[in-house]
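Everything below concerns the one structure shown next.
What follows draws every value from the coordinates through simple rules; no lab data is involved. If you're wondering where the values come from, they're calculated on a predicted model, not measured in any experiment. All Cβ positions, even for glycine, are placed from backbone atoms using ideal geometry, and neighbour counts span all protein chains on display.
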Ligand SMILES: Cc1cc2nc3c(=O)[nH]c(=O)nc-3n(C[C@H](O)[C@H](O)[C@H](O)COP(=O)(O)OP(=O)(O)OC[C@H]3O[C@@H](n4cnc5c(N)ncnc54)[C@H](O)[C@@H]3O)c2cc1C
């Protein structure tokens, strides 16, 4: 590992390499143990860093804005690569937007609205990066990335760039092929439709109000903890199981939105995991429905 640090320094300035970095500083849950190595990269550094990690056999974990992540208390061994603030350029061309994977969805939605382009209103309040949104096929209020994505530029396991079309991405409910193929999203193109700016902003404002009213945005969380089981709503099942407000340590099933587990203060990942298990068991016992976490659980 000490060699790895020396090798890393050859491709990224030393001051940008953090050792034993608390992952709670990089997740919206505000939970997570330390990453051995942590870097936030730009487009040129990314392939070089992957090559170094591969040569030194250091495992790599990619994160975007950390808004769908539960990092375990033991932290993450190896290198965490954040695709964020150093990869966030947004370009408009005709009715399309091409943006780097680290650009926040909220910023892209705003840029679209400013240009009188409709289609991303649904995404304006999703606190993720474009890369994370492609991986998750993020969606809300009747919209999802699948409806607007033209293509994504990815790096494959050999560090080669590929362009995947919407079909290639194999997008379905909170799923794409990115994770199983081990790809890294570096850029994506979205196609939108011209519309009156006022209408776009009004729609975004309506969604913002609905989120504020329904979601416990005053507490750290990773959004909906569970995927929507077919034919049901996770929040409703949890409520009907009598679990609203149920808690373990600092983790609680939000009383405002039963589909969210929130960090009420100093929750550990273990608190959240135990609560998730309790909820899964009780919902299954009462309704024979298997809840599957939407949140990605990483680390050890
Ligand atoms: C308050 C709140 C509300 C939310 N509301 C919604 C909602 O309405 N709809 C919805 O769909 N989600 C919602 N989410 C969840 C989350 O914002 C989305 O899943 C988002 O798309 C995750 O993006 P991210 O950049 O934060 O990804 P991260 O959480 O950092 O990562 C998620 C997964 O993607 C991978 N990944 C991230 N970037 C890349 C990349 N560039 N290349 C390869 N892999 C990558 C990571 O390894 C991880 O497996 C909400 C979350 C919060 C906290």
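Miscellaneous remarks
- Residues that are surrounded by fewer than 17 Cβ atoms within 10 Å (Cβ to Cβ), outside any loop (DSSP other than H, G, I, E, B) and away from the ligand (no atom under 16 Å from the Cβ), drawn from the stretch 281-300: 281, 284, 285, 286, 287
- Filter pass, residue 160 being within 14 Å of residue 184 (Cβ to Cβ), surrounded by fewer than 18 Cβ atoms within 10 Å (Cβ to Cβ), out of contact with any helix residue (DSSP H, G or I) (no Cβ under 7 Å at 6 or more places or on another chain) and without any contact (Cβ under 8 Å) to a residue 24 or more places away in the chain: yes
- Residues of the stretch 209-231 that turn out to be exposed (fewer than 13 other Cβ atoms within 10 Å of the Cβ) and either in a helix (DSSP H, G or I) or within 13 Å of the ligand (Cβ to nearest atom) (or both), as a count: 4
- Residues within the stretch 168-205 that are within 12 Å of the ligand (Cβ to nearest atom) and assigned to a strand (DSSP E or B), tallied: 6
- Filtered by the rule that a residue be out of contact with any strand residue (DSSP E or B) (no Cβ under 8 Å at 6 or more places or on another chain), more than 8 Å from the ligand (Cβ to nearest atom) and in a loop (DSSP other than H, G, I, E, B), the stretch 113-167 gives 124, 142, 157, 158, 159, 160, 167.
- Scanning the stretch 233-272 for residues that are within 23 Å of the chain's Cα centre (by Cα) and surrounded by fewer than 20 Cβ atoms within 10 Å (Cβ to Cβ) returns 233, 250, 256, 264, 265, 266, 268, 270.
- Just one residue in the set 66, 78, 74 is more than 11 Å from the ligand (Cβ to nearest atom) and at positive phi; that residue is 78.
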